[in-house]
Number of protein chains: 2
Amino acid sequence: MITLEQCQARDRADELASLRQQFDLPDGTLYLDGNSLGAMPKDALARAQDIIRREWGVDLINSWNKNDWWTLPTRLGDLLAPVVGADEGEVVVTDTTSSNLFKVLASAVRIQQRRQPHKKVILAERDAFPTDLYVIQGLAGLLDQGYVLQLVDQPEDLAAAVTDQVAVVVLSHVNYRTGYLYDMRAVNELIHARGALAIWDLCHSIGAVPVDLKGAAADFAIGCTYKYLNGGPGSPAMLWVDPGLLAQAWQPLSGWWGHARPFDMSTEYTPDAGIRSFLCGTQPIVSLGLVACGLDIFRQTDMRHIRRKSLAMTDLFIELVEQECAGQDLDLVTPRDHAYRGSHVSFRHPEGYAIVQALIARGVIGDYREPEVMRFGITPLYLRFVDIWDAVQHLKAVLTRREWDQEKFQTRGLVT
Amino acid sequence: MITLEQCQARDRADELASLRQQFDLPDGTLYLDGNSLGAMPKDALARAQDIIRREWGVDLINSWNKNDWWTLPTRLGDLLAPVVGADEGEVVVTDTTSSNLFKVLASAVRIQQRRQPHKKVILAERDAFPTDLYVIQGLAGLLDQGYVLQLVDQPEDLAAAVTDQVAVVVLSHVNYRTGYLYDMRAVNELIHARGALAIWDLCHSIGAVPVDLKGAAADFAIGCTYKYLNGGPGSPAMLWVDPGLLAQAWQPLSGWWGHARPFDMSTEYTPDAGIRSFLCGTQPIVSLGLVACGLDIFRQTDMRHIRRKSLAMTDLFIELVEQECAGQDLDLVTPRDHAYRGSHVSFRHPEGYAIVQALIARGVIGDYREPEVMRFGITPLYLRFVDIWDAVQHLKAVLTRREWDQEKFQTRGLVT
């Protein structure tokens, strides 16, 4: 039997415990949705005030030089690089994950058009976060050159699906619903052995699990900064390209920020020689600047420590649910094997939607994803082991008292 | 002779004078660069605090529903619509001008591929803000279907350039360097008579001159919110599509925000039936939310009043420069004819770069654009007639004392 006292003891021994103090967390809330929107670093408000009052309000247009707005996407990229196993000068923070996928996918397709033009399949997972599939459909539809999206039903089917017709594979490093974590290095080997290129969506892994893009020989990566990185709502996304591909990596969203010499006002687009060629238009400086607040906290630890606590907490969550909520029709969706587990835990339940609403009413914030999946994000930077204990006690109460069986919890809202 | 006293008298009679109080302007600065980055509405700081501390920090993920983050692009679009002669439900505020141009251009090209597939020319101006040309090059390069960018050298050449080979015309309503203002209605008539579609870049006209997209029968429009609209540095851009074209207006940056039912998590992209189909990925909520601060000020007046003051001020600026700086080698680039003048005034001078630097050292913030062009943005919401007087006195001093002829003013920085 796991006890509350054991959880308290683990908190006392937690080497990351002090980082929680750097976040502003609302009273009475157990926030298990940091995989969807990260909590607010305490520093964010002061940072925003400085950007707005001083940089915008006082320095005005001069901020492009004086406050280095122009280099913010690469400066943040440099801060972020160690979190994903990249080097300085290789990452930009810019635009959205969706538009960044469009850029790297167009780039990968272009490379394959030259290398192996017969390959016309773009492979992705049926269970990908849908925007990835939509963007693939968008590019394929625009090109009108016979590119087709093929879907893999589950990770075990991937190897067979990467045929010699596959040009590009788009995969979520951690699945947004199940929490399944790919072995990036092994999958890249497989993909490359078949002559395809690998694009990794890091939305649910960046800041949650160790990512080693270079060590794993990835080709392209994109991902959110507003989830585990705590960059703020909708904060601009990251983008990385293997430096070995950069010279061939032409991308079509060729706005002036990607130009080699943007202030020459030339009529000809000449891409920057580096990762700035994946920039497009003028960036939302306030939201972009706040990304630094989250990244600054990551600099005080490393992904090895975060991973250790994450696995301890997801283990605890699974074990406690099995201990406290046995016989309650909960079906664990997330892999038990550490090697294949991200940092959120999902359970299926026929009343998953209503259960999540009932938990929210109790101040336990998880979320729901079709079909029937309840997600609980485990964020080691600001969660305590006792929070896991408390969350499971609330879940137990909701289930055993059938609190979910009320009309107010059954009614579906637009966003869950 | 125009006198300082006359300028003071005009300020006393100015019906927009009180709006200046709603902006935070740094002491000792004459800000004539609101055409590049608008000044800070006083309300911005409190708004940002509320978004960060309450919406992000407290309401967290629930803000997507509770604080309507999901509908922010269309709510802001509705606020913005009257400024551009559009109706509710027709405008979104999202992404960047560059990526929005990519979307509407791809959409326009797609329409023409079906209507008149032989048309392969995309026409734009040599003097367009370069990002427009770069994005056209990016899309044409991606499509690889023989689309070519053709450049018009000056507005007078436009009529002859719109041949029957032209599929789409991309024009700046107000030219970013010269301040030249197109007669949008007449140009649309010309473009439509030749079977082409018109995309208007409103970056330097939105909030600066009256824009009547529907009255002028435009097809597509995109533009910045961070210039005359005072939305904050790099705030997301606007996008409008003629409702009559919307049903055919497929766009390829098909991220999940553009889906008809995004939370169904369907694997198939089904675009929203309305203008939301031009959304792509998750938006930077803090920067996006601040756009409302600028738009709220526009709701206290209208573009007719703003235009009247703008023309009075640009007239004054031109007349005062001619009166005070005669014989100083200044060449007016901006049209004298009100019908063709936007809301900034540009002069050419061989030492334009250094003169602008010397003015900045005096607290007069204008900017410089290659080649040799000094730009002075006239923003009726927060400039006074005496500011124009003072700015010209500084210009006179810089020129007559040859203050520009110092090494510190001659040395070029990255961003001007």
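The values are calculated or read from the model by the stated rules, or taken from the named source; none is laboratory data. The model shown is predicted, which means the values in this text are computed figures rather than measured ones. In this analysis, Cβ positions are derived from the backbone assuming ideal geometry, glycine residues included, and neighbour counts consider all displayed protein chains. Each accessible area value is taken on the protein alone, full model and side chains, heavy atoms only, with ligands, DNA and RNA left out. Shrake-Rupley method; radii C 1.70, N 1.55, O 1.52, S 1.80 Å.
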### Message
In Å², and per residue, what accessible area does segment B:1-153 have when probed at 1.4 Å with the other protein chains present?
### Response
36
### Query
Can you give the accessible area buried between chains A and B, summed over both chains, with a 1.4 Å probe, in Å² to the nearest 100?
7200
### Task
Out of all DSSP beta bridges with both ends in the protein assembly as shown, state the antiparallel percent to the nearest 5.
55
### Summary
The lysines whose Cα lies under 24 Å from the Cα of B:K396, excluding any fewer than 8 residues away in the same chain, are B:K309, B:K408
#### Entry: Approximate spin-label separation B:L190-B:Q410, in nm, with each point projected 7 Å along Cα-to-Cβ
4.2
### Task
For peptide A:244-256, compute the average count of partner chain beta-carbon atoms within 10 Å of each residue's beta-carbon.
5
### Task
List the lysines whose Cα lies under 17 Å from the Cα of B:K42, skipping any in the same chain that are fewer than 8 positions away.
B:K227
### Query
Residues of B:265-271, mean number of Cβ from any other protein chain within 10 Å of their own Cβ, rounded to a whole number?
6
### Query
Which percent, nearest 5, of DSSP beta bridges in segment B:66-219 are antiparallel?
5
### Message
Starting from 0.36 nm per residue, how many nanometres of slack lie between B:D296 and B:T400 once their C-alpha separation is accounted for?
### Response
33.2 nm
### Query
Tell me, what HN-Hα J-couplings in whole Hz come from the Karplus equation 6.51 cos²θ - 1.76 cosθ + 1.60 at θ = phi - 60° for each residue of segment B:351-368, using x for Gly and Pro?
9, x, 4, 5, 5, 4, 5, 5, 5, 4, 4, 8, x, 9, 9, x, 9, 10
## Note on the structure
With the label set 7 Å along Cα→Cβ, A:T267 is separated from its counterparts in the other copies, in nm and shortest first, by 4.8
### Task
If a/c stays under 1.5 just call it rounded; otherwise compare a/b with b/c (prolate if a/b is bigger, oblate if not). Do that for segment B:188-322, with a ≥ b ≥ c from the square roots of the Cα gyration tensor eigenvalues.
oblate
### Query
For the peptides B:285-292, B:11-18, A:315-322, what is the packing order when you average, over each peptide's residues, the other Cβ atoms within 10 Å and list the highest mean first?
B:285-292, A:315-322, B:11-18
### Task
Report the label-to-label distance for B:V58 and A:H118 in nanometres (one decimal), using points 7 Å from each Cα along the Cα→Cβ vector.
6.4
### Query
Classify chain A: rounded, prolate or oblate, from the alpha-carbon gyration tensor (a ≥ b ≥ c, eigenvalue square roots; a/c under 1.5 rounded; otherwise prolate if a/b is larger than b/c)?
oblate
### Message
Explain nothing, just compute: Karplus ³J(HN,Hα) = 6.51 cos²θ - 1.76 cosθ + 1.60, θ = phi - 60°, for every residue of segment B:128-136 in order, whole Hz, x for Gly and Pro.
### Response
5, 4, x, 4, 4, 5, 5, 5, 4
### Task
Please identify the cysteines of chain B that lack any partner cysteine with a Cβ under 4.7 Å from their own Cβ.
B:C7, B:C280, B:C293, B:C325
### Summary
The ³J(HN,Hα) series, computed from each phi in segment B:49-54 with the Karplus coefficients 6.51, -1.76 and 1.60 at θ = phi - 60°, rounded to the nearest Hz and given as x for glycine or proline, is 4, 5, 5, 6, 6, 8
### Query
Once label points are set 7 Å from the Cα along Cα→Cβ at both A:A361 and B:A217, what is their separation, rounded to one decimal in nm?
5.8
### Query
Between copies, how far does the label point of B:P371 sit from its twins, in nm, shortest first, when each point is 7 Å from Cα along Cα→Cβ?
6.7
### Tensor-based shape of segment B:262-402 (alpha-carbon gyration tensor, a/c under 1.5 rounded, otherwise prolate or oblate)
prolate
#### Entry: Where a label projected 7 Å from the Cα of B:R336 along Cα→Cβ would reach, residues of segment B:180-196 with amide N under 17 Å
B:180-181
### Inter-copy label distances at A:D164 (7 Å, Cα→Cβ; nm, one decimal)
5.0
### Task
Using a 10 angstrom cutoff on alpha carbons, build the Gaussian network for chain A and name the most mobile of A:I206, A:I360, A:I122.
A:I360
### Message
Which lysines, if any, have their Cα less than 20 Å from the Cα of B:K103, not counting same-chain residues under 8 positions apart?
### Response
A:K103, B:K119, B:K120, B:K214
### Query
Given a 1.4 Å probe and every protein chain left where it sits, what share in percent of the accessible area of segment A:1-158 is carbon and sulfur?
47
### Query
Accessible area drop of at least 30 Å² (1.4 Å probe, protein heavy atoms): which residues of segment A:44-67 qualify, relative to the chain alone?
A:L45, A:Q49, A:I52, A:R53, A:W56, A:G57, A:L60, A:I61, A:W64, A:N65
### Task
Using Cα centres only, tell me the gap between segment A:200-271 and segment B:1-49 in whole Å.
39
